[in-house]
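Inspection log for the structure reproduced underneath, given as structure tokens.
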Amino acid sequence: MSLDFSGLDHAPRLLLEADLKPIQGTRFQPTGFPDLGAAVYDAPDGQRMLLVESAQSMANRLEAVCWDATADDWAVSLRGVPFIRVVDEKGRTLTNSVLEAHRINSPYILEGKDKSVLDTLKKALASMEEGAVNIRELARVLLRLDTNALIHGVFLAKKELAGGRLRLPRLLSAFIEAEDIAVAQSGGVKNDHVNPSGDASKGFGNVPFSRDEYTASRITAYFNIDLAQLRGFALGNGAEAMLLGIISYKILSFLNDGLRLRTACDLECTNLRVTRPEKFRMPSLSELKQSLPGLIQEVADQGIFVEPRITTVTWRK
């Protein structure tokens, strides 16, 4: 089965909106920020708004739903996409570029004694030490070594790599907002049946606490795919179709399997719609699972990917 993305040929963006609601009850817990707590703000029309999930957190969640922790590899439909695995000196897996916050720019990949990936990048990107950064060449290198970084963006901040000027914004960005919100205040007590008056600073004693959750008339997840940027990379039709397929898989897998954001924030998707271009129809998750292995192999057959496709780095402090 082939995927048809021809409806996106002349669109600068693919924009999606998903209606969400708590899977039980009406309350939910948003993301919190240090020294701020929940991000509550006013919309231009004065309506009270709440940031339920930030762009940074959503990137992590869109990656997590694509990873099979049991197999320590991509989900079955995505296997064969290049990534970088980090192991310790005994060969035990520590982490990988899909789950690392900075992807290929992870300190576990670039800051250890194993300089193999750093040396590969220095060689591949040597022409950019002076002058303008060649974005297309940077995109090809990321597609070859760590494809996921091309989707979620990367900042190669090391001075050895073009003076730390190498960066790509996200092809896929997302966030979740709630509107017409109200605080649902509650609380509880951590009980100590042995010593209720014990030293709370050491974990003893009865400790009362307050808790702020929220209700909302509407919760919406927004997804933005930068098609103009993707086309600007000039990676070829096969690679573009594969990347659009992976992006679509991430979104639909997240909406299907990844909406338990926190213990007190378990949501479900009630509707997904394309808002731009309006006539485009998203493929189904089953269509993507059937088509992606073939798309990935088609790109591999062009010699675009590194071989072997899993690059292993040994972390030594």
**Report entry** Pair list, Cβ < 9 Å and 6+ apart or interchain, from region 168-191 residues that are at pLDDT below 90 to residues that are surrounded by 12 or more Cβ atoms within 10 Å (Cβ to Cβ) and aliphatic (A, V, I, L, M)
**Finding:** VAL189/VAL207; LYS190/ALA200; LYS190/VAL207; ASN191/VAL207
**Report entry** Residues of region 1-52 that turn out to be among the aliphatic types (A, V, I, L, M), in contact (Cβ under 8 Å) with a residue 24 or more places away in the chain and touching a Gly at 6+ places or on another chain (Cβ under 9 Å), as a count
**Finding:** 3
Query raised in the report: Inside region 233-257, can you point out the residues that are surrounded by fewer than 17 Cβ atoms within 10 Å (Cβ to Cβ) and under 16 Å from CYS66 (Cβ atoms)?
Result: ASN256, ASP257
Query raised in the report: Do the conditions hold for LEU267, that is, is it crowded, with 20+ Cβ neighbours inside 10 Å and under 23 Å from VAL65 (Cα atoms)?
Result: yes
**Report entry** Qualifying residues in region 192-212 (those that are modelled with pLDDT of 80 or more and loosely packed, with under 10 Cβ neighbours inside 10 Å) - the one farthest from GLY32 (Cα to Cα)
**Finding:** VAL194
Query raised in the report: strands (runs of 3 or more DSSP E) wholly in region 170-288 with at least 2 residues that are of a type in the set (S, T, N, Q) - which ones?
Result: 172-190, 207-226, 265-276
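Residues checked against (1) out of contact with any Asp or Glu (no Cβ under 9 Å at 6 or more places or on another chain); (2) surrounded by fewer than 17 Cβ atoms within 10 Å (Cβ to Cβ):
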position: GLY112; (1), (2): yes, no
position: ALA132; (1), (2): yes, yes
position: ILE135; (1), (2): yes, yes
position: HIS152; (1), (2): no, no
Query raised in the report: Only one of LYS158, LYS122 is part of a loop (DSSP other than H, G, I, E, B), out of contact with any strand residue (DSSP E or B) (no Cβ under 8 Å at 6 or more places or on another chain) and surrounded by 14 or more Cβ atoms within 10 Å (Cβ to Cβ); which?
Result: LYS158
Query raised in the report: Name the strands (runs of 3 or more DSSP E) wholly within region 2-92 that hold at least 1 residues that are at pLDDT 95 or above and touching a helix residue (DSSP H, G or I) at 6+ places or on another chain (Cβ under 6 Å)?
Result: 13-22, 83-87
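The values are calculated or read from the model by the stated rules, or taken from the named source; none is laboratory data. Since we're looking at a predicted model, the values are computed, not measured. We place every Cβ from the backbone using ideal geometry, glycine too, and count neighbours over all the protein chains shown.
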